[in-house]
Amino acid sequence: ILAGSVVAGLAAAPSAQADSATPVPRIVPAPVSMNTVPGQSFTLTRHTKIAVGSRSAGVAGVAAFLAGLARPSTGYPLPVVRAGAGVHDAISLRLAALPRLGTEGYRLTVSRGGVRLEAPTAAGLFHGVQTLRQLLPAKVESHSAQRGPWTVPGVAISDYPRFSWRGAMLDVARHFFTVDEAKRYIDEISMYKINVLHLHLSDDQGWRIAIKSWPRLATYGGSTEVGGGAGGYYTQKQYTDIVRYATQHFITIVPEIDSPSHTNAALASYADLNCDGKAPPLYTGTSVGFSSVCVDKDITYKFFDDVIGELAKLTPGSYVHVGGDEAHSTPLTDYVKFLDRLQPIVHAHGKNMIGWNEIAQADVQGSPATLAQNWSVLDGNTPADDPLATAAVQKGVQLITSPANHAYLDMQYDANSPYGLHWAGYVSVQKSYQWDPATLFNGVTEQNIRGVEAPIWSETLTNIHEVEYMAFPRLPGIAEIGWSPRAGRSWDEYRTRLAAQGPRWTVMGINFYRSPEISWD
Ligand code: TNX
């Protein structure tokens with residue numbers, strides 16, 4: 001029997017690392033349990049194979065993903081083969097009935113003979129591959145052949161998520177981001193086991209998805225952006241391409257059409273949507289809350305029925321986000337009336353509804369599984385009263401937690417940040433990590449919380465490199481809050497693991513902020 005340092009949860013990590021001859025691998029998000037096995041390690045060679053245990057298309061997809069990652073940098077052929085008695089020197093991927101691991105967990109065992117990755121689902125195998133990736137040297141991320149050795153330390157990991165919704169949001173409305181930029185963000189967030197990408201597809205400054213029954217939304221409403229640039233939009237084919245790419249990375253796309261405010265681009269495109277029948281000009285500034293659809297006109301509901309209908313057909317995920325935030329120019333009675341008509345439209349198209357926190361003011365029902373995304377500014381460690389969160393929970397609506405002063409990745413790190421806003425305060429790396437969904441609100445328990453999400457609003461962000469600067473290094477911390485057990489999480493321990501990500505991002509060309517809070521490797 002081999003002795004090893006046992007890391008149960010996270011608490012033991014720093015001391016185990018300091019005293020042991022076998023350093024504890026630094027993985028983000030931290031696995032539920034990780035045993036290091038001294039003396040055991042596996043080194044990839046030109047003979048190593050990727051062995052799959054079944055003909056499942058999902059497993060084949062994960063095997064292809066792993067091969068695609070490791071072939072260019074190692075220069076090894078890494079053929080994908082069927083597992084069998086004669087196959088050794090392999091990284092084997094296998095579906096296995098391991099009910100305790102849930103629908104996204106995995107078990108990863110590294111020994112001299114090879115790497116064994118098992119999971120109940122292909123999603124679990126994919127998350128396990130992301131862990132394996134961090135066990136390999138950073139240069140595995142390179143697109144050109146590098147020198148080995150390609151050694152994976154001996155470990156036994158058993159891992160599964162705390163929350164089923166671990167989201168990132170990209171605002172493609174204030175500034176437009178191309179399909180390639182969206183895909184690059186998918187590559188980056190999936191490394192940290194994020195499983196939802198919420199696309200903020202419409203706002204005052206732009207409409208970013210082609211709707212066949214209302215074509216001017218995209219062609220006119222999408223023709224500009226903050227600052228007056230050219231804007232843009234996704235054709236339905238392009239959106240489908242993003243959805244497919246996300247699915248290959250086990251990420252569900254949640255499309256948002258913001259309403260009843262944040263609608264100037266739509267109101268500018270179709271005069272009929274305005275109460276006075278007059279289309280306002282396109283808007284390229286950064287104010288919020290000035291626009292509203294006309295709540296008393298029937299065409300308004302025909303409009304949302306058409307838009308949500310087309311979007312629902314293009315979206316395999318079960319959620320459509322209807323916005324609902326900052327409706328400062330919609331009287332509350334109108335707001336409630338509007339949402340009470342909107343929710344059945346979402347359901348009629350076979351989807352569940354998610355909206356920003358304010359939707360809890362309406363008669364939203366928890367069943368079907370409506371969600372409210374809370375963006376309040378909250379202490380994060382000492383529970384606070386939040387009337388909208390309480391109202392949501394009383395209606396049986398679960399929460400997605402996105403506290404703006406912790407989880408908003410468009411907030412500046414500090415006064416020197418070249419991009420970003422600071423209406424919710426400066427959000428240092430430590431601040432973005434030091435909070436917990438279970439200690440945000442009075443009267444809200446973990447059962448009321450579906451998960452976490454890290455939004456990036458793009459008033460000040462014009463391309464993916466600027467987005468990367470805001471997301472890295474903060475996004476992995478939000479991902480960890482969503483995935484890893486709460487017990488034992490600490491900033492002091494986390495920052496040592498985060499430090500190990502730097503060289504990886506450098507190899508990948510990710511434009512991350514080298515925060516002085518971290519002693520980067
Ligand atoms: C508030 S948070 C907004 C967005 C802005 C963001 C900027 C929320 C639901 N709405 O319209 O882009 O602040 O940080």
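Scanning the stretch 314-334 for residues that are within 14 Å of the ligand (Cβ to nearest atom) and open to solvent by less than 60 Å² (accessible area, probe 1.4 Å) returns H321, V322, G323, G324, D325, E326, A327, S329. In the stretch 462-475, the qualifying residues are those that are open to solvent by less than 10 Å² (accessible area, probe 1.4 Å) and assigned to a loop (DSSP other than H, G, I, E, B), and the one that is nearest to I518 (Cα to Cα) is P473.
Please determine, by comparing only the residues of the stretch 204-222 that are open to solvent by 10 Å² or more (accessible area, probe 1.4 Å) and outside any loop (DSSP other than H, G, I, E, B), which one is nearest to R174 (Cα to Cα). Top of the filtered list is T219. Whenever a residue of the stretch 288-313 is on the phi < 0 side of the Ramachandran plot, its partners that are assigned to a loop (DSSP other than H, G, I, E, B) and among the aromatic types (F, W, Y), lying with C-beta atoms within less than 9 angstrom and at least six residues away or across chains, give the pairs F290/Y283; S291/Y283; I299/Y270; F303/W214; F303/Y270; D306/W214; V307/W214; E310/W214. Does A246 fit the bill of being at pLDDT 95 or above, buried (at least 23 other Cβ atoms within 10 Å of the Cβ) and outside the structural domain of G128 (by TED's automatic domain parsing)? Spelling it out, A246 is indeed at pLDDT 95 or above, buried (at least 23 other Cβ atoms within 10 Å of the Cβ) and outside the structural domain of G128 (by TED's automatic domain parsing).
With respect to being aliphatic (A, V, I, L, M) and over 18 Å from the mean Cα position of the chain (by Cα), V179 falls outside the description.
Summed over the stretch 311-345, the residues that are within 19 Å of W207 (Cβ to Cβ), aliphatic (A, V, I, L, M) and not in a strand (DSSP E or B) give a count of 6. Taking the stretch 498-521 as the range and being under 23 Å from S402 (Cα atoms) and open to solvent by 10 Å² or more (accessible area, probe 1.4 Å) as the test, the residues that pass are F512, Y513, E517.
Sort through A85, A30, A51, A63 and tell me the only one that's surrounded by fewer than 18 Cβ atoms within 10 Å (Cβ to Cβ) and outside the structural domain of P473 (by TED's automatic domain parsing).
A85
Could you check the stretch 351-401 and list, in sequence order, the residues that are within 16 Å of the ligand (Cβ to nearest atom) and in a strand (DSSP E or B)? Once the filter is applied, which keeps residues that are within 16 Å of the ligand (Cβ to nearest atom) and in a strand (DSSP E or B), the stretch 351-401 yields M353, I354, G355, W356, L371, A372, Q373, N374, L399, I400, T401. Within the stretch 105-126, not a single residue is part of a helix (DSSP H, G or I), in contact with a Lys or Arg (Cβ under 6 Å, 6 or more places away or on another chain), of a type outside the set (V, I, T) and modelled with pLDDT of 95 or more. Step by step: first the residues of the stretch 428-461, then only those that are more than 16 Å from the ligand (Cβ to nearest atom), part of a loop (DSSP other than H, G, I, E, B) and of a type in the set (A, V, I, L, M, F, W, C), then the one that is nearest to the chain's Cα centre (by Cα). Which residue is that? Only one residue fits best here, namely W435. The number of residues in the stretch 414-427 that are closer than 25 Å to W165 by Cα and more than 10 Å from the ligand (Cβ to nearest atom) comes to 1.
Report, by residue number, each residue of the stretch 283-303 that is surrounded by fewer than 14 Cβ atoms within 10 Å (Cβ to Cβ) and within 14 Å of the ligand (Cβ to nearest atom). Result: G285, S287.
Take the conditions (1) open to solvent by 10 Å² or more (accessible area, probe 1.4 Å); (2) in contact with a Cys (Cβ under 8 Å, 6 or more places away or on another chain); (3) not in a loop (DSSP other than H, G, I, E, B); C275 misses just one of them, which is (3).
Condition first: of a type in the set (S, T, N, Q) and either buried (at least 19 other Cβ atoms within 10 Å of the Cβ) or within 30 Å of R26 (Cα to Cα) (or both). Can you find one or more residues in the stretch 384-395 that meet it? No: zero hits. Among the residues of the stretch 127-157, those that are of a type outside the set (A, V, I, L, M, F, W, C) and not in a helix (DSSP H, G or I) comprise P137, S142, H143, S144, Q146, R147, G148, P149, T151, P153, G154.
Taken together, the residues in the stretch 274-307 that are over 21 Å from K212 (Cβ atoms) and either outside the structural domain of F338 (by TED's automatic domain parsing) or of a type in the set (S, T, N, Q) (or both) amount to 6.
The values are calculated or read from the model by the stated rules, or taken from the named source; none is laboratory data. Everything numeric here is computed off the predicted structure, so don't read it as measured data. Neighbour counts run over all protein chains shown; Cβ positions are idealised from the backbone, glycine included. For the accessible areas, the whole protein counts, side chains as well, though only heavy atoms, and no ligand, DNA or RNA atoms are used. Shrake-Rupley method; radii C 1.70, N 1.55, O 1.52, S 1.80 Å.
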